[in-house]
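The structure under discussion appears below in the form of structure tokens.
The values are calculated or read from the model by the stated rules, or taken from the named source; none is laboratory data. In this text, all values refer to a predicted model and were calculated from it rather than measured experimentally. Reconstructed Cβ throughout: ideal geometry from the backbone, glycine too, with neighbour counts over all protein chains shown.
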Amino acid sequence: MNNEIEHNSTDEIICPWCGYHHGDEWELSLDSDDLICDDCEKEFHYNRDVSISYTTERKQCGNNGCEYEVAEYSPYVFNGKNWTIWKCKTCSHQKTLTGEIAKDGEPYLIELGATNDTL
């Protein structure tokens, strides 16, 4: 075998006997098989190495798109009102709400301010 032919970890199949570059590798159905060189007609074996990588980023939904749930360290009582810290499930934005009683007797929530500080 000619050691001067670069045929390992290349972007295409290269005959290790003569250095011929075989095109259209994507048409090969197997990740490992034997081939006969189109140029020198010698047989050789190939292995296809596939590498997959992923890129992620944090979803930033902002105040209008946030989906809130009660944070684990609340609710708490202050000045005779029930106060609750709500945290977005996605971006961790936090807001403080207090439970008030409306004229119809049903509770409603009033946002008192937004904070990202830990209590």
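Worth pointing out:
- Taking the conditions (1) surrounded by 14 or more Cβ atoms within 10 Å (Cβ to Cβ); (2) modelled with pLDDT of 80 or more in turn, V50 satisfies each one other than (1).
- Selection count where residues are charged (D, E, K, R) and not in a loop (DSSP other than H, G, I, E, B), scope the range 38-57: 1
- When L35, L97 are checked against the criterion of being part of a strand (DSSP E or B), at pLDDT 60 or above and closer than 30 Å to W17 by Cβ, a single residue qualifies: L35.
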